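Rule-based calculations on the coordinates, nothing more; no lab input. Quantities reported herein were computed from a predicted structural model and do not represent experimental measurements. Glycine also receives a Cβ, built like all others from the backbone with ideal geometry; neighbour counts cover every protein chain displayed.
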Amino acid sequence: MRITVIGAGAWGSTLAGLVRDNGHEVAAWSRQSDRSLDETIAQSDLVISAVSMKGVRSVIQQISIAMPPIVTATKGLDSESGSETALPLLPSQVWQAAFPESTIAVLSGPNLSKEIQQGLPAASVVASRDQAVADRVQQAFSSARFRVYTNADPLGVELGGTLKNVIAIAVGACDGLQLGANAKSALVTRGLAEMIRLGTYWGAKPETFYGLSGLGDLLATCSSSLSRNYQVGYGLAQGKTLSEVLATLEGTAEGINTTQVLVKLAQAQGISMPISTQVDRLLRGEITPQSAVGELMQRDSKPESV
């Protein structure tokens, strides 16, 4: 196939390499490209978007031609949408609103780009309401070192990859404070419960969050210093300001913006998100990592399933 990859950062370059290694003709586009986005996309069989959440709308504004199937690999929430009565848009929904005639697929999973670039084995999941498109994307990426599954719940797959970034910040802070394996395991487990609670409210299937794009991605980002969101939490726990952490960060930590949008939604809808709320306060500088831990530990006792 002829495939266009939008975004030349670490993730976009990794995805371009995976499909190129499978023999597909790949055109990569970034803001520094000499060709227009329309020229690059023309005659493409598939478009892969690997830009940050804040770049999605600006990219879309540069496209004036009909689009082939679009695969979005962005993990975030659109801060320009959503209110007390309306859910914020996910990347796939922003794309779908702009190109209602195009089929959208979501690619997500425990995929740390540096490990994939080193040739280490990894797995991911592609979800779409159109199974034929999901199968095409699966074939485009699948190889002996990158195994791709399909899923019929694109909403759950996209939310899993988005919501876990908030929990990764919390776990990074936990490790930065050297609170131990017990605390970290509890935080990851209760973080997954928050993801499922919000995801099912959104309309996703709860079982999706136990798959690669939910629990799988959560485990990867909460156990590796390669995760940018983990690095944010770890740096804050080391006494750095958020500005100091971001100054040395390679790429975008989507969990920062996601936390702000997510907590506003949870508060408006009365959804209990205690970990996410403490992460939001930490990012705003309203609380120290130590105080956040104390508040979580002193919450009212309740059954585990709640």
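Brief remarks follow.
- Helical contribution to [θ] at 222 nm, DSSP H n ≥ 4, -39,500 (n - 2.57), averaged over the chain, rounded to 500: -14500 deg cm²/dmol
- Computed on segment 217-261, with alpha-carbon pairs under 8 angstrom and 6+ residues apart, the relative contact order is 33 percent.
- Listed from fewest to most Cβ neighbours within 10 Å, the set 202, 29, 95 follows the order 202, 29, 95.
- Relative to the current alpha-carbon distance between residue 129 and residue 241, full extension at 0.36 nm per residue lengthens the span by 36.1 nm.
- Two-site label geometry, residue 54 and residue 248: point separation in nm, points 7 Å out along Cα→Cβ: 2.1 nm
- About its Cα centre, the chain has a charge dipole of approximately 400 debye under the convention of +1 per Lys or Arg Cβ and -1 per Asp or Glu Cβ, with nothing else charged.
- Crossing angle, helix 154-176 versus the chain [Cα axis fit, 0-90 degrees, rounded to tens]: 40 degrees
- For the chain: relative contact order, % (alpha-carbon pairs under 8 angstrom, 6 or more apart): 15 percent
- Under the Karplus curve 6.51 cos²θ - 1.76 cosθ + 1.60, θ = phi - 60°, whole-Hz ³J(HN,Hα) for segment 30-44, x wherever Gly or Pro sits: 9, 5, 8, 5, 6, 7, 6, 5, 4, 5, 5, 6, 3, 6, 6
- Placing R0 at 25 angstrom, the Cβ-Cβ distance between residue 288 and residue 224 gives a FRET efficiency of 0.50 after rounding to 0.05.
- 0 to 90° range, to nearest 10: angle between helix 10-21 axis and the chain longest Cα axis: 40 degrees
- Measuring against 21 Å, Cα to Cα, the residue pairs 75/302; 184/205; 240/264; 164/205; 114/184 contain 75/302; 184/205; 240/264; 114/184 as the ones spanning a longer distance.
- Nearest 10 degrees, 0 to 90: helix 181-202 Cα axis against the chain principal axis: 60 degrees
- Selected from 277, 236, 168, residue furthest toward positive end of dipole (segment 161-297; charges at beta carbon): 277
- Cα-based shape type of segment 140-202, given that a ≥ b ≥ c are square roots of the gyration tensor eigenvalues and the cut on a/c is 1.5: oblate
- Extension gain for residue 36-residue 305 works out to 91.7 nm (0.36 nm per residue, less the C-alpha to C-alpha distance).
- Within segment 214-306, the trypsin sites (Lys or Arg not before Pro) that combine a DSSP coil assignment with at most 14 other C-beta atoms in a 10 angstrom radius are 284, 299.
- When only alpha carbons are used to place a centre, segment 198-224 and segment 157-186 end up 13 Å from one another.
- Taking 20 Å as the cut-off, the amide N atoms of segment 72-113 that come nearer than this to a point 7 Å along the Cα-to-beta-carbon line of residue 152 belong to 103-108.
- The HN-Hα couplings worked out from phi for segment 137-146 by the Karplus form 6.51 cos²θ - 1.76 cosθ + 1.60 (θ = phi - 60°) are 5, 4, 5, 5, 9, 5, 7, 5, 10, 9 Hz, whole numbers, x standing for Gly and Pro.
- Calculated from the structure at hand, Cα extents along the principal axes in Å is found among (1) 58, 39, 33; (2) 51, 49, 44; (3) 58, 52, 29 as (1).
- Alpha-carbon centroids, segment 29-98 and segment 116-146: separation in whole Å: 20 Å
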